[in-house]
1. Where the convex hull is taken over the Cα atoms of the stretch 307-405, what is its projected area averaged over directions, in nm²?
2. Express the relative contact order of the stretch 71-293 as a whole percentage, based on alpha carbon pairs under 8 Å and six or more residues apart in sequence.
3. For the stretch 71-293, what size does the Cα cloud have along each of its three principal axes, sorted from largest down, in whole Å?
4. What ranking do 175-188, 327-340, 58-71 get when scored by the average of other Cβ atoms within 10 Å per residue, highest first?
5. Specify the inter-centroid distance of the stretch 146-189 and the stretch 209-282, based on alpha-carbon positions, in whole Å.
6. Across 10 Å bins from 0, what is the distribution of all Cα-Cα pair distances for the stretch 17-133, in whole percents?
7. Given the Cα atoms of the stretch 132-259, and with Rh set as the inverse mean 1/r over their pairs in the Kirkwood sense, what is Rg to Rh to two decimals?
8. If I take every Cα pair under 8 Å that is 6 or more residues apart in the stretch 212-321, average their sequence separation and divide by the length, what percent do I get for the relative contact order?
């Protein structure tokens with residue numbers, strides 16, 4: 001009974017009725033293929049120059065141990081037993097201290113933020129629920145909801161606005177039937193994020209509606225020009241937020257993230273987790289705890305590198321304004337430049353990898369075929385080399401087209 005009440009009456013009010021004509025329930029096995037992961041699957045490990053990633057440069061264990069003072073003795077005495085369902089207490093406390101002060105009971109450790117998103121959506125959604133999602137967006141924030149039978153309403157981030165979020169457009173989408181709003185700021189792939197006043201407007205709107213806010217803050221520690229956005233769980237009671245060590249912390253292979261959510265939602269997520277991952281690794285949890293307890297040691301060099309690389313990226317776009325238009329990324333380490341003379345960049349991406357060993361992400365993975373996702377979190381010289389290869393490839397593609405006009 002506790003599980004049903006967590007799902008069906010978490011706020012003490014009746015669940016919204018399904019929409020007429022809502023998407024039918026379907027098997028999760030029928031979920032749409034993850035376009036980004038499919039692109040990486042056969043290409044990621046063959047690249048010589050990687051300017052595709054949405055994360056910062058990766059750390060080695062040796063460098064991490066030196067930076068954080070992790071002694072071999074701590075590793076040697078670690079017992080490989082199962083961790084608690086919500087994650088070990090020291091790691092949950094470290095997450096709470098940085099992102100959710102005084103709300104330890106709302107913290108769950110997950111396998112990256114991806115597991116948290118999947119479990120949370122599976123816990124709160126039922127067929128016919130109305131869900132607002134961004135477009136473009138990282139696919140987990142839309143396809144999982146669709147596979148669960150939700151009816152999607154799209155909050156479009158428009159290219160003509162440089163993908164800046166327009167809260168008035170969101171206001172037109174939410175209403176009494178809205179079960180959840182799913183957002184990702186700073187945004188992947190564009191780096192867009194709301195100004196502080198717009199952020200407060202968004203929170204006030206969703207708190208007044210009483211729906212769930214699912215807040216993907218994977219890039220929350222990487223912000224430029226604007227103030228960082230605090231965890232919205234301090235303002236919106238029905239908030240489920242996600243974080244990860246995979247992006248700003250340069251530790252994707254550690255596979256540690258977290259979810260901050262109401263306790264009844266966490267209880268429902270644990271019930272589902274019992275059938276899949278059960279818990280996270282105690283070794284990974286130990287390292288993650290050390291990272292978050294001394295977070296600024298890990299973050300500082302990666303932030304500084306991202307700042308330098310962002311300048312390199314923006315200078316490149318300015319120097320080649322006849323080929324490319326780049327909306328300014330205000331957060332994260334991914335950008336989404338437009339190549340107006342190339343209708344579909346996918347073939348060019350294939351040639352870049354084959355001829356130059358350069359990996360980028362075609363915009364088609366996010367529904368914009370005339371764009372690329374270019375990551376700028378890695379080594380600066382690698383970024384320069386990758387941008388040079390993109391310039392050459394686009395120039396070779398564009399010149400014949402212009403001559404034929």
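1. Values: hull surface 24.3 nm².
Averaged projected hull area, Cα only: 6.1 nm².
2. For the stretch 71-293, the relative contact order is 29 percent.
3. The Cα atoms of the stretch 71-293 stretch 56, 40, 29 Å along the principal axes, largest first.
4. Values: 175-188: 22.0, 327-340: 23.8, 58-71: 14.0.
The most tightly packed comes first, giving 327-340, 175-188, 58-71.
5. 18
6. Pairs per bin, as whole percents: 9, 23, 30, 28, 9, 2, 0.
7. Details: Rg = 14.1 Å, Rh = 15.0 Å.
With Rh from the inverse mean 1/r over Cα pairs, Rg/Rh is 0.94.
8. Values: 100 pairs, mean separation 23.4, N = 110.
Once divided by the residue count of the stretch 212-321, the mean separation gives 21 percent.
No lab work stands behind these numbers, since they all come straight from the coordinates. A quick note: this is a predicted structure, and the numbers were derived from the prediction, not measured. All Cβ positions, glycine included, derive from the backbone under ideal geometry; neighbour counts span all protein chains shown.
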